[in-house]
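Values in this text are rule-based calculations from the coordinates and carry no lab data. Note that the structure is predicted; figures quoted are calculated from it, not measured. In this analysis, Cβ positions are derived from the backbone assuming ideal geometry, glycine residues included, and neighbour counts consider all displayed protein chains.
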Amino acid sequence: MNLIFNAPSEDKSELEHNGDFTPRFDDRGLITAIVTDARDGELLMVAHMNAEALALTIKTGTAHYFSRSRGKLWKKGETSGNLQTVKEIRTDCDQDAIWLKVEVAGHDATCHTGRRSCFYRTVGLEDGKPMVNVVDDHRHFDPEDVYQH
């Protein structure tokens, strides 16, 4: 059985109460997904979902996304073993963003670099120039071992 999402209501006030889940996909058919660790709230990643990825996530309890760079559905952790089990799904007041609270299996790492979070760098100014600096260089796995092509 496939999940079918109803078209969003034009009356935004209707979205603010209990009722139908009517996600607002953008003009490319995607919705932004913010992903945090269910245990401690750490921001792990931001990704995108199409209707199929969102439906699979809801039905299976395992996070699925749509890869914009590869143009295809992607089950997070399928290669690395770091599957994301969804503990809670929230949507914002306009239903145009999704927040997944997940538990990460395997190495407890979400980023393809082997780090726990994709947000392992800070942005700041150095000599008037924007620069990124690594603040979490702990690798939970070696990407070359995990993502052999």
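Numbers below:
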read-out: Strands (runs of 3 or more DSSP E) wholly inside the stretch 16-92 containing at least 2 residues that are among the hydroxyl-bearing types (Ser, Thr, Tyr); value: 31-37, 64-67, 84-91
read-out: Members of the stretch 12-37 found to be surrounded by 17 or more Cβ atoms within 10 Å (Cβ to Cβ) and under 27 Å from SER69 (Cα atoms), listed by number; value: PRO23, ARG24, PHE25, LEU30, ILE31, ALA33, VAL35, THR36, ASP37
read-out: Residue within the stretch 49-71 that is surrounded by fewer than 20 Cβ atoms within 10 Å (Cβ to Cβ), touching a Phe, Trp or Tyr at 6+ places or on another chain (Cβ under 7 Å), under 23 Å from ALA105 (Cα atoms) and without any contact (Cβ under 8 Å) to a residue 24 or more places away in the chain present; value: yes
